[in-house]
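Heads up: the structure comes next, in structure tokens.
The values are calculated or read from the model by the stated rules, or taken from the named source; none is laboratory data. Everything numeric in this text was worked out from a predicted model, so none of it was measured. Cβ: placed from backbone, ideal geometry, glycine included. Neighbour counts: every protein chain shown.
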Amino acid sequence: LAHWALRLQDYDIRVLYRNERQHADADALSRSPLPDDNAHSSASHLAVSSIDLRTLATEQRKDQWIASLIDLLTDPSATPSTRALRRQAHHFAVRDDLLHRRNYNSDGRQWLLVIPRSLRSDICESFHSDPQCAHSGVSKTYHRIRQRYFWRGMYRYVQKFVRSCIDCQRRKTSTHLSPAGLQPLPCPDRPFGRVGIDLYGPLPLTSAGNRWAIVAVDHLTRYAETAALPAATARDVASFLLQRFMLRHGPPQELLSDRGRVFLSEVVEAILKECNVVHRKTAAYHPQTNGLTERFNRTLGDMLSMYVAADHTNWDAILPFVTYAYNTAPQSTTGFSPFFLLYGRHPSHTIDTILPYKPDPSECAPISNTARLAEECRELAKTFTTHDQERQKSIRADNSTSAPTFLPGALVWLSIPT
């Protein structure tokens, strides 16, 4: 009441009494609203775009720049409206009545579908807000789209779209660096040469009785495996290691963990010894040694916050979706997605079933070439990781990080810890 009294002092108002029975409209607005069961869409239902091939063909014809290119490529007698259009035409081709542009990057499809202006927002929505993508940042969203589609000024458009996302601004944590020295671990030579493992929680109790999430991250490919656990017991950790990790990917060469009792338990040590896995532990009270896994925990929390219900009791149902989103997103450090570095191919997205792509025969490389390409990309990932570690180390060493600055009158978000 005091707050409203101060706010109303700026107005010349006259307060009149009204009987409660006649005051139903304002009385209803002052009541706390009932929770909306549909306020948070379940991540177990994948978002499917309303775009289809027929809509895309129609919208391409409505876009003046795209329509001019289609006419130029399909009608030999057509004359280009500008010299720039004539110079650009050889980069494009009409395939199945849709305009495509040749992809000159080393990753992605050979031919990229050209997206008209009217459908760009829908494409960005699908590759940013879909549970498969879990509100990824600018770089990850851009790379997902760039591997499939083309339009002029794509990066700026995606950057503006992602930075304008209210959910991301409201929920994601700040990534400002704090000055501190770094001593990074050397990057392993092969997938699962070193795997970091950690427990994330305790989290709100779910209807399935889960309160903890366990995570394991490969230090070369950065591929992550997660699972929801009812309790952080040694038996649960051992079961995850054996059934969800080793029987799926094989035993790692090294396992990096903190000194929690569950990781030092006899049952866990017995499994590691039986599989000849070297168990490395972080220094006491210094979890930064397992920094890659700790960083993934923060990313996992940001992703889960985008889709959990108001009471946060459905996070275990969302966990597989956001893990998939992380694994299929290109990493800024390596330049590749963990999925690609592990399997040697790019994953499909839900929209790919609606806008299917027919590769040329030249794109269907022999298995031996695919395996060699995957190995070369892993070597590149290792090189990029090492260079990034040195760069981050030098940034922290000069102690030049500072607090962000704000311009007068700029809109900002206020973080209120709960």
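For region 224-272, a tally of residues being under 23 Å from residue 207 (Cβ atoms) and among the hydroxyl-bearing types (Ser, Thr, Tyr) returns 3. Would you mind stating whether residue 9 is at negative phi and modelled with pLDDT of 65 or more? Taking the combined requirement at face value, the residue does not satisfy it. When 240, 245 are checked against the criterion of being among the aromatic types (Phe, Trp, Tyr), free of Cβ contacts under 8 Å to residues at least 40 places away in the same chain, within 21 Å of residue 212 (Cα to Cα) and not in a strand (DSSP E or B), a single residue qualifies: 240. What tally of residues in region 341-352 results from selecting those that are in a helix (DSSP H, G or I) and in contact (Cβ under 8 Å) with a residue 60 or more places away in the chain? Qualifying residue count, region 341-352: 5.
Of all the numbered requirements in (1) closer than 30 Å to residue 165 by Cβ; (2) small (Gly, Ala, Ser); (3) in contact with a strand residue (DSSP E or B) (Cβ under 6 Å, 6 or more places away or on another chain), residue 106 misses one, and that requirement is (3). Inspect region 318-330 for any residue being surrounded by fewer than 20 Cβ atoms within 10 Å (Cβ to Cβ), outside the structural domain of residue 95 (by the TED database) and at pLDDT 80 or above and give the result as yes or no. Taking every residue of region 318-330 in turn, at least one turns out to be surrounded by fewer than 20 Cβ atoms within 10 Å (Cβ to Cβ), outside the structural domain of residue 95 (by the TED database) and at pLDDT 80 or above.
When 169, 159 are screened for being modelled with pLDDT under 90, of a type outside the set (Phe, Trp, Tyr) and out of contact with any strand residue (DSSP E or B) (no Cβ under 9 Å at 6 or more places or on another chain), only 169 passes.
For residue 57, all conditions in the list (1) at pLDDT below 90; (2) in a helix (DSSP H, G or I) hold save one; what is the number of the exception? Every listed condition holds for residue 57 apart from (1).
Restricting attention to region 290-317 and to residues that are of a type in the set (Val, Ile, Thr) and more than 13 Å from the chain's Cα centre (by Cα), the residue that is surrounded by the most Cβ atoms within 10 Å (Cβ to Cβ) turns out to be 293. The one condition from (1) closer than 29 Å to residue 373 by Cα; (2) touching a Lys or Arg at 6+ places or on another chain (Cβ under 9 Å); (3) modelled with pLDDT of 90 or more; (4) crowded, with 16+ Cβ neighbours inside 10 Å that residue 63 does not meet is (1).
Scanning region 250-273 for residues that are β-branched (Val, Ile, Thr) and assigned to a helix (DSSP H, G or I), we see that the one that is farthest from the chain's Cα centre (by Cα) is 267.
Quick grid of which residues meet (1) touching a Leu at 6+ places or on another chain (Cβ under 6 Å); (2) of a type outside the set (A, V, I, L, M); (3) more than 30 Å from residue 171 (Cα to Cα); (4) in the same structural domain as residue 340 (by the TED database):
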| site | (1), (2), (3), (4) |
| --- | --- |
| 70 | yes, no, yes, no |
| 86 | no, yes, yes, no |
| 95 | no, yes, yes, no |
| 101 | yes, yes, yes, no |
| 128 | no, yes, no, no |
| 146 | no, yes, no, no |
